[in-house]
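Readers should treat all values here as calculations from the given coordinates under stated rules, not as data from a laboratory. None of these values were measured; they are calculated from a predicted model. In this analysis, Cβ positions are derived from the backbone assuming ideal geometry, glycine residues included, and neighbour counts consider all displayed protein chains.
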Amino acid sequence: MTDPKPFVEIRHAQKSYGSLEVLKDISLTVQRGEIVAIIGPSGSGKSTLLRAINDLDPLTGGEIILDGVQVNKTLPHRQYEKHINGMRQQIGMVFQHFNLFPHLSVRDNVTMAPKLLKGISGKEADKLAEEQLTHVGMLERIDYYPSQLSGGQKQRVAIARALAMEPKLMLFDEATSALDPELVEEVNLVMKKLAEEHMTMIIVTHEMDFAASVCDRVLFMDQGVVVEEGPPGKIFKNPDMDRTKEFLRKHLAGSK
Amino acid sequence: MDIDLMLRVYPYFLEAAWVTIQLSVLTIILGLICGMLGAAGRLSRFALLRFLAAAYVSFFRGTPALIQIFLLYFGGPQVGIQLDAFEAGVIGLGVNIGAYMTETMRGAIISIDKGQIEAARTLGLSRFETFRKVTLPQALRLMIRPLGVNINAQIKGTALVAAISVVELTYTAQRYIGSTYKPFEMFLIAGILYLIIITASGKVISYLDRRVRLQ
Ligand SMILES: Nc1ncnc2c1ncn2[C@@H]1O[C@H](COP(=O)(O)OP(=O)(O)OP(=O)(O)O)[C@@H](O)[C@H]1O
Ligand SMILES: [Mg+2]
C-alpha cells in the first residue's frame, strides 16, 4: 500500500465544455493491481474522467501519467498521434454499448488490432483469439458475427478484444448498464476473474454490490469533484460526507 | 404508329446507344473519382480543404448541369480550354455527378457509429487505420444503393449533351425526326434503349449490393 510510485496518476485534471466545468481539479492515484470503482450521480463527470485517461476526451488542464509516462503530453500533431496510439495500446477500454465491429466476426474483432499493430498473423492470431475467447467463455461463438450475439455475449467479446492487446490498465464505463438484468452476472464474473488475476482496473459503475465485492477502493464523484474515497466497507457503510450518504440512500432506494 | 419504320431505323440507333453507354461509363468513373476526392475534402481536418470541397458541391449542385456543360464547351475556348463535344460532355457531366456522389459518400461515411470509431482508436489504431479497417468497409456497403441512384440519374443525364451535338441517343432521335417527321416513333426507340441500359445497370448494382450484404 506504500508503493512510492503510483501506477496511474491523475494530477489536477480539469475539463470544461465552454463555460461548463465538468472536472474540477481532480487528483488521484491508482496502484498497480488495484481495482478502483467510481460511483456518483448522472452527469457528475465519471465518464469524462475515465475517457480522459486514454485521451478520448482530452483534458483542458492537468496531467495523466501511466507507469511513469505522461499520456496527454504536448507534442506536435504527428508525434502526438504516434505517442497516443502507443499509449492507448496499453489501456483497454470497455464501453456501455460494446461497440463491436459489426462487419467482423468475433474472431476478427479480437485479432484485428493485434494483427495490425503487433504484426501477428495466421496461426498466432488464431491462437490469441482462442485464448482470449476462452478466457471470457466465448470460444464456441468464435465464428459468429456480433449481430448474432446477446448483449452479455457482446460485452464479453468486447472485453476479450481489449485484453488481446495485453493492456496494463483496463477502463470500464458502465459495462453492464445496457444489459438485461439476467445478463449482468456473466459480465460481472468475467470482471471478477480479471480482478483475481490482478489486472489494474478503473470501473465506473452504478452497481454498488459489485463495487463492494470486487473493488479495493471506491471514489464518490459529484459535480466534477471527488467528494470522498475509501475502501468499500467505509464508503458504503459509513461515509463521512452528507452528499455521499444522500446519493447512497437515493440510489439504494431506487434499485429496490 | 409506324412499327415498320421503327424496325427499319432502330439499328442506326444502336451505335448511338453505344455512345450513350460510353458517356455513362466514363462520366460515372470520373464522378466516382471526384466524389472520393470531394468526400475526402469535406471530411478533412483542414479547413481550407473542407471549404473547397463544400464550394465544389454547392456550385455543381446549385446550377443546372446544362449551364455547366455550355460553360465548358462554349465558354471554355475563351479561357483557353479547347475540348471537342464528347470530351466536354464527359468532363462536364462527370464533374457534375461527382458533386452528388461526394454527398452520397460523405453521408455513408458519417453514418458509421462513432462508438466503433472510438473503440478502434482505444485499441491504438491511428485515424487512417480506423478509417481503412472500420469505417470504409462498412461505408462501402452502405453507399452502393445511393450511388446506384446517382448512377441512374447520370445515365439519363447524358441526354443533355445532345445540346452540344454529341451523337448519342437523344441527338440521334432528333436527327431522325428531321428526316422521317415521326417524333413519336423516334423518341420511343430512344426511350426503349435508355430503359434497357438503365435496367441493366440497376441489375449490376443490386447484384453488388446483395454480394456485400451477405457476408
Ligand atoms: N461533448 C460534450 N459537450 C458538452 N457537455 C458535455 C459533453 N460531454 C459531457 N458533457 C457534460 O459533462 C458532464 C459530465 O458528463 P459525464 O458523461 O462525464 O457524466 P457521467 O458521470 O458519466 O454521467 P452518467 O452516469 O449519466 O454516465 C455532464 O453535465 C454532461 O452534460
Ligand atoms: Mg457516463
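Tabulated results
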{"quantity": "Acute angle (nearest 10 degrees) that the helix A:77-88 long axis makes with the longest principal axis of chain A, alpha-carbon atoms", "calculated": "90 degrees"}
{"quantity": "Chain A: angle of helix A:181-196 to the longest principal axis, Cα-based, in degrees nearest 10", "calculated": "90 degrees"}
{"quantity": "Calculated [θ] (222 nm, deg cm²/dmol) that DSSP helices of n ≥ 4 give over chain A, each run adding -39,500 (n - 2.57)", "calculated": "-12000 deg cm²/dmol"}
{"quantity": "The protein assembly as shown: projected area of the alpha-carbon convex hull, averaged over directions, in nm²", "calculated": "30.8 nm²"}
{"quantity": "Per-residue Cβ neighbour rank within 10 angstrom, fewest leading, B:25, A:187", "calculated": "B:25, A:187"}
{"quantity": "Inter-part distance where region A:39-53 and region A:178-256 are each reduced to a Cα centre, Å", "calculated": "13 Å"}
{"quantity": "Kyte-Doolittle mean at least -1.0 and Cα axial length at least 27 Å: DSSP H helices in chain B", "calculated": "B:3-42, B:85-110, B:136-157, B:183-214"}
{"quantity": "Packing-based exposure ordering (other Cβ within 10 Å, fewest first) of A:17, B:10, B:171", "calculated": "A:17, B:10, B:171"}
{"quantity": "Calculated over region B:3-214: convex hull of Cα atoms, volume per residue (Å³)", "calculated": "132 Å³"}
{"quantity": "Cα-based helix-to-principal-axis angle, A:151-163 vs chain A, degrees rounded to 10", "calculated": "80 degrees"}
{"quantity": "Ranked list, fewest to most other Cβ atoms within 10 Å of each Cβ, for A:60, B:27", "calculated": "A:60, B:27"}
{"quantity": "Cα centroid separation, region B:3-27 to region A:111-171 (Å)", "calculated": "56 Å"}
